[in-house]
1. With the checklist (1) free of Cβ contacts under 8 Å to residues at least 12 places away in the same chain; (2) surrounded by 11 or more Cβ atoms within 10 Å (Cβ to Cβ) in hand, flag the one item Ala36 doesn't pass.
2. I'd like to verify a number: residues in region 39-49 that are closer than 18 Å to Glu69 by Cβ and loosely packed, with under 15 Cβ neighbours inside 10 Å, how many?
3. Mind checking whether some residue in region 25-34 is more than 20 Å from Met74 (Cβ to Cβ), of a type in the set (Val, Ile, Thr) and modelled with pLDDT of 90 or more?
4. On the given criteria, is Met66 closer than 20 Å to Pro5 by Cβ, in a helix (DSSP H, G or I) and under 13 Å from the mean Cα position of the chain (by Cα)?
5. Met66 - would you say it is under 23 Å from Leu89 (Cα atoms), of a type outside the set (D, E, K, R) and surrounded by 11 or more Cβ atoms within 10 Å (Cβ to Cβ)?
6. Which one of the conditions (1) touching a Phe, Trp or Tyr at 6+ places or on another chain (Cβ under 7 Å); (2) free of Cβ contacts under 8 Å to residues at least 12 places away in the same chain; (3) more than 22 Å from Phe81 (Cα to Cα) does Phe51 fail to meet, given that it meets all the rest?
7. Looking at (1) modelled with pLDDT of 90 or more; (2) outside any loop (DSSP other than H, G, I, E, B), find the lone condition where Ile50 falls short.
8. Mind checking which residues of region 22-46 are among the polar types (S, T, N, Q), touching a strand residue (DSSP E or B) at 6+ places or on another chain (Cβ under 7 Å) and assigned to a loop (DSSP other than H, G, I, E, B)?
Amino acid sequence: MKQAPWQWYKRLNNFLSSKGYAKGAVDKTFSFRKNASDVILVQVYAYDIIFGSNNNSMCQEFVATMQEEFEMSMMGELTYFLGLQVKQLKHETFKSVS
């Protein structure tokens, strides 16, 4: 069905908006939420979602909130996305084109 991806994205966007997430100004598939000095970033690509935060509890809250509304599986730490290999360390993230 041609409209299925658009309907999925619209539902996800409305859900995130209801939870206090704002849209990116340039990339409409990018959302974020800030509180005090903490921020969580969410990027949607097709049916994949990557997210990260400077506060681990915001990530845990995001996962719990999403799992209440959507059926989803956690694939673990990001290692590959859109042709980029990603290596995450405690204070650094390295990206390389594969």
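1. The number of the failed condition is (2).
2. 2
3. Looking for residues that are more than 20 Å from Met74 (Cβ to Cβ), of a type in the set (Val, Ile, Thr) and modelled with pLDDT of 90 or more, one finds at least one in region 25-34, hence yes.
4. Working: closer than 20 Å to Pro5 by Cβ: yes; in a helix (DSSP H, G or I): yes; under 13 Å from the mean Cα position of the chain (by Cα): yes.
Taking the combined requirement at face value, the residue satisfies it.
5. Details: under 23 Å from Leu89 (Cα atoms): no; of a type outside the set (D, E, K, R): yes; surrounded by 11 or more Cβ atoms within 10 Å (Cβ to Cβ): yes.
It is false that Met66 is under 23 Å from Leu89 (Cα atoms), of a type outside the set (D, E, K, R) and surrounded by 11 or more Cβ atoms within 10 Å (Cβ to Cβ).
6. (3) is the only condition that Phe51 fails.
7. (1) is the only condition that Ile50 fails.
8. The first filter runs over region 22-46 and keeps only residues among the polar types (S, T, N, Q), leaving 29, 31, 35, 37, 43.
Next cut, touching a strand residue (DSSP E or B) at 6+ places or on another chain (Cβ under 7 Å) only: 29, 31, 43.
Thr29 - this is the single residue of region 22-46 that is among the polar types (S, T, N, Q), touching a strand residue (DSSP E or B) at 6+ places or on another chain (Cβ under 7 Å) and assigned to a loop (DSSP other than H, G, I, E, B).
The values are calculated or read from the model by the stated rules, or taken from the named source; none is laboratory data. In this text, all values refer to a predicted model and were calculated from it rather than measured experimentally. Heads up, the Cβs are rebuilt from the backbone with ideal geometry, glycines too, and the neighbour counts pull from every protein chain shown.
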